[in-house]
Ligand SMILES: Nc1ncnc2c1ncn2[C@@H]1O[C@H](COP(=O)(O)OP(=O)(O)OP(=O)(O)O)[C@@H](O)[C@H]1O
Ligand SMILES: [Mg+2]
């Protein structure tokens, strides 16, 4: 771990009925890290990511989550100062990131409003500075040609890139991306991963990305955190995630879907 954590999760548990979605998960994320969050379906990845952004609470008790040193949630309650953290966090969900009836441009420009909740931008002209930042972000992620198109007519990959552009306009310092490539073809998926990687390496953004494709985690991320049934079962360098550990995380069937060239 680096000495400068931008996210800190302490003993976060989350129970839905009788199911433990998170089981005393602790995690520090250093500034400028690129972390893959992996684990089988239902292991708690989305629950953890949503909790970090204050979109859902963890159980009352020990669980404390801070971002940039400020409170996100504690004692089962989202902090009233959560907005301070959230305006610096870009959250990219697996789908339905954009408002379908609005253009890609407007969706991305809305990032400039932070999460204040105002729809002011929809009715007036955008300031020149916002327009410039929006077009720059759209160019950066390679979808500027689609700026005028309604979001619900864009492909999944274009929408994902739009969501990343919105995070850039928002001036997010952390990107939390939940399965950003799960529904994309391999070429689009690679492009989205390369954009995230570039934002991490070139701009120093901190990225936490949940991935089902272990090979993407290995290729693009420096550190891997693995959850299994809500518990953290691996946290370390990507290079330390060998075949045995992966079988431990995903079960013996993982062997059957093991790809060529994987670490042995
Ligand atoms: N709102 C909810 N109500 C009840 N159970 C929930 C709720 N949200 C999540 N769960 C349960 O918590 C567990 C963890 O879910 P979560 O969505 O975090 O898993 P995940 O690792 O993101 O899975 P996937 O890879 O399929 O996206 C699952 O068993 C899920 O059914
Ligand atoms: Mg999920």
*Normalising by the residue count of the chain, find the relative contact order in percent from Cα pairs under 8 Å and 6+ residues apart.*
24
_Helix-only estimate, please: 222 nm mean residue ellipticity of the chain, summing -39500 (n - 2.57) across DSSP H runs of length 4 or more and dividing by its residues, to the nearest 500._
-9000 deg cm²/dmol
*How much of the DSSP beta bridge set in the chain is antiparallel, as a percent to the nearest 5?*
60
_At a 10 Å Cβ-Cβ cut-off, how would you order 15, 202, fewest neighbours first?_
202, 15
_Surface/4 estimate of mean projected area, convex hull on alpha-carbon atoms of the stretch 164-264, nm²_ = 7.1
*Using the number of other C-beta atoms within 10 angstrom as an exposure proxy, rank 203, 235 with the fewest first.*
203, 235
*asked:* Could you tell me how many cubic angstrom of Cα convex hull volume the stretch 6-61 has per residue?
replied: 82
*Order by neighbour count: 55, 199, 227, fewest other Cβ atoms within 10 Å first, most last.*
55, 199, 227
*So what's the angle, to the nearest 10 degrees on a 0 to 90 scale, between helix 156-169 and the longest Cα principal axis of the chain?*
70
*Sorted from largest down, what three extents in whole angstroms do the Cα atoms of the stretch 1-156 have along their principal axes?*
47, 31, 29
*Over the stretch 64-109, what is the mean sequence separation of C-alpha contacts under 8 Å (at least six apart), divided by residue count, expressed as relative contact order in percent?*
21
_Let me check against my output: what whole-number percent is the relative contact order of the stretch 41-91, with C-alpha pairs under 8 Å and at least 6 apart?_
28
*So what is Rg over Rh here for the chain, counting just Cα atoms and using Kirkwood for Rh?*
0.97
_Degrees separating the helix 186-203 axis from the principal Cα axis of the chain, which is the longest one_ = 80
*Could you check how many percent of all C-alpha pairs in the stretch 84-227 are farther apart than 24 Å?*
25
_Can you give me the angle between helix 128-140 and the longest principal axis of the chain, using Cα atoms only, in degrees from 0 to 90, rounded to the nearest 10?_
50
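Quick note: the coordinates plus some simple rules give every number you see, no bench work behind them. Nothing here was measured: the structure is a model prediction, and the numbers come from that model. In this analysis, Cβ positions are derived from the backbone assuming ideal geometry, glycine residues included, and neighbour counts consider all displayed protein chains.
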